Amino acid sequence: MANLPAARPGLVILVVGALLVALSPIFVRLSELGPTATAFHRAFLALPVLFAWTALENGGTHSNESKSRRSSRRDVWLLVLAGIFFAGDLVTWHWSVTLTSVANATLFANTAPIFVTIGARVVFGERITPLFLVALLIAFFGTTMVVGSSFELDRAHILGDGIGVVTGMFWAAYQLTVKHLRSRLSAATIMAWSSLVTAAALLPLAVVSGESLMAPSLYGWSILLALAWLSHAGGQGAIAYALAHLPAGFSSLVILLEPLVAAILAWFVLDEFLGSLQAAGGAIVLASIVIARRATLEPTGGTDEDRRSA
């Protein structure tokens, strides 16, 4: 995991993606539709933007991102799998947001770095350094401080928190699948086709749940479009792009910026209080990312695959 200049723009794009995704729990809470219908529209309404991105990319013959190899049958199945994993992530996470606080739901969904770190070691051979493990522990300590005041020992919150952990598993599986695909396919291609699968998987679930698919007001549609275009097409698209240029474990840790930003937004928009303890936790999360970045820049003696993933 060498220090490659090319990784620096990827880090900036990853941070921007995490910030945009952090808007999503606010949009979900403000949505006039149920959680499954909202999740469906998140993917479905993003499709025109994503396929337009793909078309523009394919038209740019000099773009490195447009020079993807021909998709194999295995890649097609992995795209389907990525879409299913993200559908599972959205369904469980949107339900979690409705059953617990925004901060809690986002924290437990972001247990993903644990699963990503293990998966990156097994699948990509990424070396897990002691310094990175320290950074991971510090990050979760800080993130727990951010959401500490939002924990409530009642059945509804316990259920929501548990569903949040399942969300983290789906989210980790999605990140690892996209990371694998990014060695051959562009971010636009992955996002467009996997989102199509996600929407197709969520539609029957929304219908069976009995939730309305039609927002009752222009305000409701504006929330859904913001969720689809900003958080999904913009945020998830940026994350998918960055995964080709950064180690999977480090990327997943950086995405822990999401619960911090989500908690801050929830304070202003939803009146979920954020005090000095939570602010200190946010500072600790930022410090952990700096430590993790240093860990990924240290010579590790890893494989060529490690160095390509830096």
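Every number here is computed from the coordinates shown, using simple stated rules; none is lab data. These numbers come from a predicted model, not from an experiment. Cβ atoms come from the backbone with ideal geometry, glycine included; neighbour counts cover every protein chain shown.
Output ³J(HN,Hα) for the range 18-27: one whole-Hz value per residue in order, computed from phi by the Karplus curve 6.51 cos²θ - 1.76 cosθ + 1.60 with θ = phi - 60°, and x for Gly and Pro. Running phi through 6.51 cos²θ - 1.76 cosθ + 1.60 with θ = phi - 60° gives 4, 5, 5, 5, 4, 6, 4, x, 5, 4 Hz. Annotation for Ser72 and Ser183: the two label points, set 7 Å from Cα along the Cα-Cβ direction, are 1.0 nm apart.
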